[in-house]
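Please treat every number below as a calculation from the coordinates, not as lab data. Since the structure is predicted, the reported quantities are computational estimates derived from the model, not experimental observations. Glycine also receives a Cβ, built like all others from the backbone with ideal geometry; neighbour counts cover every protein chain displayed.
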Amino acid sequence: MIPIQPPGSVRSAAELNERIRGLMLHSGGRLSAEQRAEYEVLVTEWSAAMRGEIVKAA
C-alpha cells in the first residue's frame, strides 16, 4: 500500500531512502505492480527531498 502523507508533510531524503531500501529488501528485488507504484512514489519524493536539501545547503 502506498503511504499517504498529510498535506505539507515532507519526509527527509534519508527516511525515504530507508523506505526504498526496505521495500527492495522485503521484495527480494522483484517488485509486484503495487510495490512498483510505491517505489515510484518514494523515488519521486526522494528526488524532491534531495533537491530541497541541496538548496538549503547552498
Item to complete: State, to one decimal in nm, how far the label point of M50 lies from the label point of E18, with both points 7 Å from Cα in the Cβ direction.
Response: 1.9
Worksheet entry | Ranked by how many other beta carbons lie within 10 Å on average, peptides 21-29, 34-42 from highest | 34-42, 21-29
Worksheet item: Residue-wise, which Karplus ³J(HN,Hα) couplings in Hz belong to segment 20-26, taking 6.51 cos²θ - 1.76 cosθ + 1.60, θ = phi - 60°, and x for glycine or proline?
Response: 5, 4, x, 4, 5, 5, 5
Discussion item. Output wanted: per-residue J couplings in Hz (rounded whole) for segment 37-43, from phi through Karplus 6.51 cos²θ - 1.76 cosθ + 1.60, θ = phi - 60°, x for Gly and Pro.
Written reply: 5, 5, 4, 4, 5, 4, 5
